[in-house]
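*Asks:* Structure provided below as structure tokens; questions to follow.
The values are calculated or read from the model by the stated rules, or taken from the named source; none is laboratory data. Here the structure is a predicted model, which means the values were calculated and not measured. Glycine gets a Cβ as well: all are built from the backbone with ideal geometry, and neighbour counts include every protein chain shown. The protein model used for the area step is the full one, side chains on, heavy atoms only, and it has no ligands, DNA or RNA in it. Shrake-Rupley method; radii C 1.70, N 1.55, O 1.52, S 1.80 Å.
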Amino acid sequence: MPNNSKPSPQEDLYARIHCVVQAREHLEKEIQAISASASGEVAASSCSIVRYLAKGRNSAYWYYKLQASMAIFPTKTDGKSSRYKHLGKAGSQAYLDAVEQIFLKAKIEALDRSIKILNQGLKDLIEETSKYNKD
């Protein structure tokens, strides 16, 4: 005969805590896997891809650059840093690499937001355990 008894409120609480901890660990492992992947770098949190119009003698054409809020990209000439990394035209290898870096950054940021939500839920659950730990 199967045991159809419901878990006690305290057992249910600990089971939910366990589930939240497991979910958080899973997301943290995903972030580690993304960061360690051989697919390339992750863009800095302040980076975005910007399109700009370059005008030549006979025509105008679109170029792209990776732009940061602070000077983080090394320059070739004077060794200083720049806020911009020129990527060239759409479809260039530099452009495609930058798109991948931005994608990985967005993925990590989304996972971080989810971890924060799980941490808040875990905090709430731990506070709830105080109901059962009173003397």
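*Asks:* For LEU27, are the conditions met, namely being more than 20 Å from ARG113 (Cα to Cα) and touching a helix residue (DSSP H, G or I) at 6+ places or on another chain (Cβ under 9 Å)? Write out each step before concluding.
*Replies:* Values: more than 20 Å from ARG113 (Cα to Cα): no; touching a helix residue (DSSP H, G or I) at 6+ places or on another chain (Cβ under 9 Å): yes.
Spelling it out, it is not the case that LEU27 is more than 20 Å from ARG113 (Cα to Cα) and touching a helix residue (DSSP H, G or I) at 6+ places or on another chain (Cβ under 9 Å).
*Asks:* Take LYS76 and tell me if it is open to solvent by 90 Å² or more (accessible area, probe 1.4 Å), in a loop (DSSP other than H, G, I, E, B) and closer than 30 Å to ASN133 by Cβ.
*Replies:* On the way: open to solvent by 90 Å² or more (accessible area, probe 1.4 Å): yes; in a loop (DSSP other than H, G, I, E, B): yes; closer than 30 Å to ASN133 by Cβ: no.
It is false that LYS76 is open to solvent by 90 Å² or more (accessible area, probe 1.4 Å), in a loop (DSSP other than H, G, I, E, B) and closer than 30 Å to ASN133 by Cβ.
*Asks:* Select, from LEU104, LEU96, LEU13, LEU66, the only residue that is at pLDDT 90 or above and not in a helix (DSSP H, G or I). First the steps, then the outcome.
*Replies:* Details: LEU104 fails: not in a helix (DSSP H, G or I); LEU96 fails: not in a helix (DSSP H, G or I); LEU13 fails: not in a helix (DSSP H, G or I).
The match here is LEU66.
*Asks:* Looking at ALA43, ALA90, which is the one that is within 29 Å of LEU111 (Cα to Cα), assigned to a loop (DSSP other than H, G, I, E, B) and touching a Lys or Arg at 6+ places or on another chain (Cβ under 6 Å)?
*Replies:* ALA43
*Asks:* Just need a number here: residues in the range 59-110 that are within 22 Å of SER35 (Cβ to Cβ), of a type in the set (D, E, K, R) and free of Cβ contacts under 8 Å to residues at least 60 places away in the same chain.
*Replies:* Count: 2.
*Asks:* Looking at (1) open to solvent by 90 Å² or more (accessible area, probe 1.4 Å); (2) touching a residue at least 40 places away in the same chain (Cβ under 8 Å), which one does ILE31 not meet, given that it meets all the others?
*Replies:* So ILE31 meets the others, but not (1).
*Asks:* State all residues of the range 46-57 that are part of a loop (DSSP other than H, G, I, E, B) and at pLDDT 90 or above; if no residue qualifies, say none. Reasoning before the result, please.
*Replies:* If we filter the range 46-57 for residues that are part of a loop (DSSP other than H, G, I, E, B), which is where we start, we get 46-47, 56-57.
SER46, CYS47, listed by residue number.
*Asks:* With respect to SER92, is the statement that it is small (Gly, Ala, Ser) and open to solvent by less than 50 Å² (accessible area, probe 1.4 Å) true?
*Replies:* Values: small (Gly, Ala, Ser): yes; open to solvent by less than 50 Å² (accessible area, probe 1.4 Å): yes.
Here the answer is yes, as SER92 does meet what is asked.
*Asks:* Is it true that LYS107 is charged (D, E, K, R) and surrounded by 11 or more Cβ atoms within 10 Å (Cβ to Cβ)? Working first, answer last.
*Replies:* Working: charged (D, E, K, R): yes; surrounded by 11 or more Cβ atoms within 10 Å (Cβ to Cβ): yes.
Judged against the criteria, LYS107 is a match.
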